[in-house]
Amino acid sequence: MLALAKKHFKIYNAARTPLGPEIISLKPEKQKDLELFEENELFMLNDIRVSFKKKKAPQKDIQLIKVEFFYWGKELQIKKRFSLATVKWQIILLLLTELSIFINGFFYYRKIYRLFALSHGFVQTIFLFSFCLNIKLILHEVMHVLLQKKRAIKITLPYFIPLPTMPGFLSFFMLGMAGGIVRVIEPARKKQPLFDVFFFPPFFGLILSIGAYLLGSAFPFLFTQTTF
């Protein structure tokens, strides 16, 4: 591996560790050099993956990277047939999150309806509240799925976190959920794809939230005397 690395990088230091060879080299000027080394046929045939990390240099005028190798065997890449049993916890948490959002909408709008002495449209308002939150939540997760396929990073389906309304501090601001958690199945070899997968979906959700706020501010509910 050291001989192969010398063809692509200027070696600064090299060592053999219990986890395998570790190479410290000068950072190449072109990103293409890293990609060519990573996609070498020798690594592909032997199920070896390469990761690059920044390494602190003793001098400020040079940039170093640490090249590490790890085995990612075919037995780790076996695709299991999809079944509901493999995602049962995701389904359970999704249903609990939906229930939590609906319950939160009930308590939230019950205060508003009591405050303004409203008499109809209560259930429709709760469903509208739940629908809007679900649209944002689903689009957020769809972004995760699309980006992980584009960036070739394997992640699990999301584990949603229900967060029902609670009496006391900040109870009026609870949304009924606390987002979701995904687990990376295959170690990420580059930071940029990992950044794309986990940054842009929340950013996209933020844009949707701002748009929904502006839309709601521009077209508020109009209360007439027939409403009371």
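Does I78 satisfy being at pLDDT below 80, among the β-branched types (V, I, T) and more than 22 Å from the chain's Cα centre (by Cα)? Step through it out loud before you land on a result.
Details: at pLDDT below 80: yes; among the β-branched types (V, I, T): yes; more than 22 Å from the chain's Cα centre (by Cα): yes.
It is true that I78 is at pLDDT below 80, among the β-branched types (V, I, T) and more than 22 Å from the chain's Cα centre (by Cα).
Taking the conditions exactly as written (touching a helix residue (DSSP H, G or I) at 6+ places or on another chain (Cβ under 6 Å), assigned to a helix (DSSP H, G or I), of a type outside the set (F, W, Y) and modelled with pLDDT of 80 or more), does Q148 satisfy them or not? Taking the combined requirement at face value, the residue satisfies it. Determine whether segment 167-180 contains at least one residue that is surrounded by 16 or more Cβ atoms within 10 Å (Cβ to Cβ) and either at pLDDT 85 or above or polar (S, T, N, Q) (or both). No, that holds for no residue.
Considering only residues that are among the polar types (S, T, N, Q) and surrounded by 13 or more Cβ atoms within 10 Å (Cβ to Cβ), look in segment 14-62 and name the one that is nearest to K191 (Cα to Cα). Let's see the steps before the verdict.
Filtering segment 14-62 for residues among the polar types (S, T, N, Q) gives 17, 25, 31, 40, 46, 51, 59.
When the remaining residues are screened for being surrounded by 13 or more Cβ atoms within 10 Å (Cβ to Cβ), the result is 25, 40, 51.
Working: S25: 18, N40: 20, S51: 10 Å.
Restricting to residues being among the polar types (S, T, N, Q) and surrounded by 13 or more Cβ atoms within 10 Å (Cβ to Cβ), the top hit is S51.
Regarding A188, is this residue in a helix (DSSP H, G or I), assigned by TED's automatic domain parsing to the domain that holds I135 and modelled with pLDDT under 85?
Details: in a helix (DSSP H, G or I): no; assigned by TED's automatic domain parsing to the domain that holds I135: yes; modelled with pLDDT under 85: yes.
Considered against the rule, which asks whether it is in a helix (DSSP H, G or I), assigned by TED's automatic domain parsing to the domain that holds I135 and modelled with pLDDT under 85, A188 comes out as no.
Test L157 against the stated conditions and say whether it is assigned to a loop (DSSP other than H, G, I, E, B) and either among the aliphatic types (A, V, I, L, M) or at pLDDT 80 or above (or both). It would help to see each step written out before you state the result.
Working: assigned to a loop (DSSP other than H, G, I, E, B): yes; either among the aliphatic types (A, V, I, L, M) or at pLDDT 80 or above (or both): yes.
Yes, satisfied.
List every residue pair whose Cβ atoms lie under 9 Å apart, where the two residues are 6 or more positions apart in sequence or sit on different chains, the first residue falls within segment 209-228 and is modelled with pLDDT of 80 or more and among the polar types (S, T, N, Q), and the second residue, located anywhere, is part of a helix (DSSP H, G or I) and surrounded by 10 or more Cβ atoms within 10 Å (Cβ to Cβ). Sorted first by the residue in segment 209-228, then by its partner, the pairs are S209/K136.
Kindly check whether there is at least one residue in segment 30-49 that is under 30 Å from the mean Cα position of the chain (by Cα), in a strand (DSSP E or B) and not assigned by TED's automatic domain parsing to the domain that holds A152. Looking for residues that are under 30 Å from the mean Cα position of the chain (by Cα), in a strand (DSSP E or B) and not assigned by TED's automatic domain parsing to the domain that holds A152, one finds at least one in segment 30-49, hence yes.
Screening N13 on (1) at pLDDT 80 or above; (2) of a type outside the set (G, A, S); (3) over 14 Å from V67 (Cα atoms) shows it passes everything except condition (3).
The values are calculated or read from the model by the stated rules, or taken from the named source; none is laboratory data. Everything numeric here is computed off the predicted structure, so don't read it as measured data. Backbone-built Cβ (ideal geometry, glycine too); neighbour counts: all protein chains shown.
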